[in-house]
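J.: A single structure is presented below for examination.
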Amino acid sequence: MFQQLIDSVKDALRRSQGKDALRAIFRDALADVVLTPHEIQLLRSEVATHGLTADDVREVGTEVLKAAVVAAKADGLVSDTDMKTINDIVALTQVPSTTVGELIGTMTLQRKMYELTRGVIAPLADAGIQLRAGELAYWVEQVGLYEEKVIRRETVGGSRGVSVRIMRGVSYRFGSSRGQSVPVTATVEVARGELVITSHRIVFKGDRRTATIAVDDIIGVDPYTNAIVIHAEKLKQPMQFRYLNAESAELVAQIVAFVMR
């Protein structure tokens, strides 16, 4: 089958007019076929002999890689097959590493969701915290830590009473009472930083606050579309973390559930 592809590319290249046509042929061939390493080298050599420079190949590769990433993300899961296709394109076209990093980075959520559907998740190489013996870090998310705080006080229930005139220029007020000062609370951001999920802990490393929750102490989790609330035995009140990127909400909830198993 691959030889038929090579023959068709050769024939099309011979009949093509100009570099734009060559690029289009190469792009279509690259997008339609999953190649072995040997086939990658053969196709690369073939297009090089017909006038496509290394820069041309990289430009076409970037275009096809972007399309492959969009296709891989379409169903919300990036499979092993998707990753192989992407790696083949990179190997064949030598897309710049910065471009590859940016595009692969956009697939991180979908890739982790795919891993979770298979009951496994690859640990992170660097989570930005000191891990304990046997501890693995699975995810780092940018969040804000929110707590219920008193933002002001209001007076309620007071009465001015009734004023009765006794004589000209003299009056008496009775029945007055002072009101009661009550607090008015609101949920406000008290710190912003990274929420690190590991096999043993949920760690918040913030600009004004640091907190650690042992996974074994967690008694409940409330996931929302913009936040996650964690209840733990040793906490006086639940800890509410709101995402700076709400797209991560489902994944974070799934990873927390994974480590609590």
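The values are calculated or read from the model by the stated rules, or taken from the named source; none is laboratory data. All of these numbers come straight from a predicted model, not from anything done at the bench. FYI the Cβ positions are ideal-geometry reconstructions off the backbone, even for glycines, and counts take in every protein chain you see.
J.: Counting only residues that are over 21 Å from Ala24 (Cα atoms) and of a type in the set (Ser, Thr, Tyr), which one in region 51-90 is farthest from the chain's Cα centre (by Cα)?
T.: Applying the first criterion (over 21 Å from Ala24 (Cα atoms)) to region 51-90 yields 72-84.
Still in the running and of a type in the set (Ser, Thr, Tyr): 79, 81.
Numbers: Ser79: 17, Thr81: 22 Å.
Checking each candidate, the answer is Thr81.
J.: Restrict the check to region 146-161 and report whether at least one residue is part of a strand (DSSP E or B), modelled with pLDDT under 95 and small (Gly, Ala, Ser).
T.: Within region 146-161 (the criterion being part of a strand (DSSP E or B), modelled with pLDDT under 95 and small (Gly, Ala, Ser)), the answer is yes, since at least one residue qualifies.
J.: Moving on to the next point. Is it true that some residue in region 174-191 is at pLDDT 95 or above, hydrophobic (A, V, I, L, M, F, W, C) and buried (at least 17 other Cβ atoms within 10 Å of the Cβ)?
T.: Checking region 174-191: at least one residue is at pLDDT 95 or above, hydrophobic (A, V, I, L, M, F, W, C) and buried (at least 17 other Cβ atoms within 10 Å of the Cβ).
Matching residues to (1) under 28 Å from Ala249 (Cα atoms); (2) hydrophobic (A, V, I, L, M, F, W, C); (3) in contact (Cβ under 8 Å) with a residue 60 or more places away in the chain; (4) surrounded by 18 or more Cβ atoms within 10 Å (Cβ to Cβ):
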site: Asp75; (1), (2), (3), (4): yes, no, no, no
site: Met83; (1), (2), (3), (4): yes, yes, no, no
site: Arg111; (1), (2), (3), (4): yes, no, no, yes
site: Ala133; (1), (2), (3), (4): no, yes, no, no
site: Val143; (1), (2), (3), (4): yes, yes, yes, yes
site: Glu154; (1), (2), (3), (4): no, no, no, no
